[in-house]
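Every number here is computed from the coordinates shown, using simple stated rules; none is lab data. Just so you know, these numbers come straight off a predicted model, no measurement behind them. Virtual Cβ from ideal backbone geometry, glycine too; neighbours counted across all protein chains shown.
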Amino acid sequence: MKLNKINIKVRAQAINTVNVLEIVEENPQQIISFTDDKNGNKLAEEIFIKIAKENGATDEDMESYVEDGSFSPGNYGVYLIHSS
């Protein structure tokens, strides 16, 4: 049986995402990713806020945390990261 040679070309394309990354004592705990668009950014911010509040963030400083994409007291951190 003769096998024909098959040439397959793969074109990789970056996927733009917004990620919520949670780290405890330098160990990643979870990463939650969304498409980097209006809806994905909204969902990522909602999860970031929920996780940050569960770990001591206050409403009065939340806008600053979201704008910075970071809430990291002590050995804990939750981050909003855009990647492509």
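Worth pointing out:
- Taking a sphere under 14 Å around the Cβ of I51 and counting the other residues whose Cβ falls inside, with K and R at +1 and D and E at -1, yields a net charge of -2.
- The amide H of Y76, built 1.01 Å from its N in the peptide plane, has E25 as neighbours under 5 Å, considering only residues 5 or more places off or on other chains.
- Here the chain is treated with +1 on each Lys and Arg Cβ and -1 on each Asp and Glu Cβ, and its dipole about the Cα centre works out to around 1240 debye.
- Region 12-22 - phi-based ³J(HN,Hα) in whole Hz, Karplus 6.51/-1.76/1.60, Gly and Pro as x: 7, 10, 5, 9, 6, 10, 10, 10, 9, 10, 10
- Label corresponding to mean projected area of the Cα convex hull in nm² when calculated from the structure given, among (1) 4.7; (2) 6.2; (3) 8.8: (3)
- Among 45-57, 23-35, the order from most to least packed when residues are scored by Cβ within 10 Å on average: 45-57, 23-35
- Summed side-chain charge close to D36 - residues other than D36 whose Cβ falls under 13 Å, Lys, Arg +1, Asp, Glu -1: 0
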